[in-house]
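Below is one structure, written out as C-alpha cells; comments come after it.
The values are calculated or read from the model by the stated rules, or taken from the named source; none is laboratory data. Please read all numbers here as calculations on a predicted model, not as lab measurements. Reconstructed Cβ throughout: ideal geometry from the backbone, glycine too, with neighbour counts over all protein chains shown. To get the accessible areas, we keep the full protein, side chains included, count just its heavy atoms, and leave off ligands, DNA and RNA. Shrake-Rupley method; radii C 1.70, N 1.55, O 1.52, S 1.80 Å.
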Amino acid sequence: AKDPVVGYCQGLNNVAAVFVLLRFDEATALRGLCTLLQSCPGYHAPGLRGYLRDVVVVDALVRQILPAGIHLRLQSLEIPLDILASDHFLSLTSRTWPLSATVQLWDVIFAEGQPALFASFLALLLIYLPEVNNGEEPLLPKLVEFKMASGLMGKSVASDSAPGSWKRAANCEI
C-alpha cells in the first residue's frame with residue numbers, strides 16, 4: 001500500500017474513475033490518485049478523522065463568511081452538515097459534478113491545496129441556498145478575506161493550465 005492509513009471509503013471509486021476516464025495509464029493514475037488524496041489528509045482514513053475535522057471548519061466558515069440567512073436555512077433543513085458535505089469532500093466532486101468541472105477543481109486543488117475544496121463547497125451553498133441581502137454587509141469583502149487568509153489571493157489558475165498541473169501531479173514522488 002502506498003499509504004497504509006488510507007482505506008477504502010465510499011466515493012473513492014469515483015475519484016479513481018476520473019483518472020481512468022482521462023485515460024491515464026495505471027501507474028500514472030495511481031500516482032495522481034495518491035497525490036490528490038495527500039491534499040485531503042485523513043478524509044479516507046478509518047473514522048474519517050480529516051473529513052470530520054474539516055466539516056467543523058466548513059461550519060465555522062459558513063458562520064463567518066456567508067450571509068447569516070444561509071446558515072439559518074441550513075439549520076431549517078435539519079440536515080447535518082457532515083451529511084450534506086460528505087459527497088463533495090469524500091468523492092472530491094467526482095460523483096456529482098461534470099468531468100470537466102471536476103478536473104478544473106482538481107487542478108486548483110493540486111495548485112492551491114485544500115482551501116479550493118472549502119471555497120467550492122461554500123460557492124455551492126451560495127448557489128443552492130441563495131439569500132437576499134437584507135441589509136447585511138456585502139459578501140465580497142468576506143470572500144476576499146477568506147482568499148487572503150487561505151493563500152489563494154493573487155493566484156489564479158487559467159482554464160488551459162490543467163495539463164501542466166496534472167503532469168506535475170502525475171510525475172511527483174509518492
Could you please let me know if Arg63 is under 15 Å from Asn14 (Cβ atoms), surrounded by fewer than 19 Cβ atoms within 10 Å (Cβ to Cβ) and more than 10 Å from the chain's Cα centre (by Cα)?
no
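Among the listed residues Leu52, Leu105, Leu61, identify the single one that is assigned to a helix (DSSP H, G or I), modelled with pLDDT of 90 or more and in contact with a Ser or Thr (Cβ under 7 Å, 6 or more places away or on another chain).
Details: Leu52 fails: in contact with a Ser or Thr (Cβ under 7 Å, 6 or more places away or on another chain); Leu61 fails: in contact with a Ser or Thr (Cβ under 7 Å, 6 or more places away or on another chain).
Of Leu52, Leu105, Leu61, the one residue that is assigned to a helix (DSSP H, G or I), modelled with pLDDT of 90 or more and in contact with a Ser or Thr (Cβ under 7 Å, 6 or more places away or on another chain) is Leu105.
Matching residues to (1) in a helix (DSSP H, G or I); (2) open to solvent by less than 40 Å² (accessible area, probe 1.4 Å); (3) out of contact with any Pro (no Cβ under 9 Å at 6 or more places or on another chain); (4) among the hydroxyl-bearing types (Ser, Thr, Tyr):
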position: Thr28; (1), (2), (3), (4): yes, yes, yes, yes
position: Ala85; (1), (2), (3), (4): yes, yes, yes, no
position: Thr96; (1), (2), (3), (4): no, no, yes, yes
position: Ser100; (1), (2), (3), (4): yes, no, yes, yes
Please identify the pairs in which a residue from region 35-52 that is open to solvent by 20 Å² or more (accessible area, probe 1.4 Å) has its Cβ atom under 6 Å from the Cβ atom of a residue that is charged (D, E, K, R), counting only partners at least 6 apart or on another chain.
Gly42/Arg49
Out of the residues in region 106-115 that are within 16 Å of Tyr43 (Cβ to Cβ) and buried (at least 20 other Cβ atoms within 10 Å of the Cβ), state the one that is farthest from the chain's Cα centre (by Cα).
Phe110
Residues being more than 30 Å from Leu22 (Cα to Cα), free of Cβ contacts under 8 Å to residues at least 40 places away in the same chain and part of a helix (DSSP H, G or I): count how many of those fall in region 64-83.
6
Restricting attention to region 98-128, report how many residues are touching a helix residue (DSSP H, G or I) at 6+ places or on another chain (Cβ under 7 Å), more than 18 Å from Pro67 (Cα to Cα) and not hydroxyl-bearing (Ser, Thr, Tyr).
13
